[in-house]
Amino acid sequence: MTYTDDSDLPEVTDEQLQEALPTTRPYTIVVLKAGPKYQMPGPDRDQDVEKVIWAHGKRNFALRLAGLMPNVCPVADGSGVTGISIFDATPDDVDRIMSLDAGVQAGIFTYDIHPTRSFPGSILPS
């Protein structure tokens, strides 16, 4: 579907929303941000930074395969936000996971943690 305006959206009744809301469950969102040692991608990026970011990416993929981080979205818009992730874990567990990230430990990334709720089974369209 391509959005044009709200008239194209399905109608949702009060009853539908009231029925759906109790099916939500807790998740944790991470907003990954550029740390003091972050360097933008490109030919001038230091090779050591590149290696740490590669290790960070491999670990993210492992977390995804393990089901702990089903959604990971790199952000490369120059805003200072470098990624958004949704974890199927508690905020305390996510803080522990993120504190062990190679990019965080190297000062390339920092992060904010936000508890949230969503509908289980929500997926990105293919």
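The values are calculated or read from the model by the stated rules, or taken from the named source; none is laboratory data. All values reported here derive from a predicted model rather than from experimental measurement. Here the Cβ positions follow ideal geometry from the backbone for every residue, glycine too, while neighbour counts run over all protein chains shown. These area figures cover heavy atoms from the full protein model, side chains too; ligands, DNA and RNA do not enter into them. Shrake-Rupley method; radii C 1.70, N 1.55, O 1.52, S 1.80 Å.
What the table below lists for this structure:
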quantity: So residue 81, is it surrounded by 11 or more Cβ atoms within 10 Å (Cβ to Cβ), over 14 Å from the mean Cα position of the chain (by Cα), under 17 Å from residue 104 (Cβ atoms) and among the β-branched types (Val, Ile, Thr); calculated: no
quantity: Selection status of residue 30, touching a residue at least 40 places away in the same chain (Cβ under 8 Å), outside any strand (DSSP E or B) and open to solvent by less than 40 Å² (accessible area, probe 1.4 Å); calculated: no
quantity: Boolean, residue 27 is touching a Phe, Trp or Tyr at 6+ places or on another chain (Cβ under 7 Å) and of a type outside the set (S, T, N, Q); calculated: yes
quantity: Residue in the stretch 41-51 that is closer than 17 Å to residue 85 by Cβ, in contact (Cβ under 8 Å) with a residue 12 or more places away in the chain and open to solvent by 50 Å² or more (accessible area, probe 1.4 Å) present; calculated: no
quantity: Hits in the stretch 62-72 (condition: exposed (fewer than 12 other Cβ atoms within 10 Å of the Cβ) and without any contact (Cβ under 8 Å) to a residue 12 or more places away in the chain); calculated: 62, 65, 66
quantity: Sole exception among (1) over 30 Å from residue 92 (Cα atoms); (2) touching a His at 6+ places or on another chain (Cβ under 7 Å) for residue 2, by number; calculated: (2)
quantity: Neighbours by Cβ (under 8 Å, 6+ apart or cross-chain): first from the stretch 105-123, closer than 15 Å to residue 72 by Cα and acidic (Asp, Glu); second open to solvent by 60 Å² or more (accessible area, probe 1.4 Å) and modelled with pLDDT of 95 or more; calculated: 112/33
quantity: Meets criteria (open to solvent by 40 Å² or more (accessible area, probe 1.4 Å) and not in a loop (DSSP other than H, G, I, E, B)) for residue 37; calculated: no
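Listed here are the residues, each with its yes/no results for (1) within 19 Å of residue 38 (Cα to Cα); (2) open to solvent by 20 Å² or more (accessible area, probe 1.4 Å).
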{"position": "74", "(1), (2)": "yes, yes"}
{"position": "86", "(1), (2)": "no, yes"}
{"position": "98", "(1), (2)": "yes, no"}
{"position": "102", "(1), (2)": "yes, yes"}
{"position": "106", "(1), (2)": "yes, yes"}
{"position": "112", "(1), (2)": "yes, yes"}
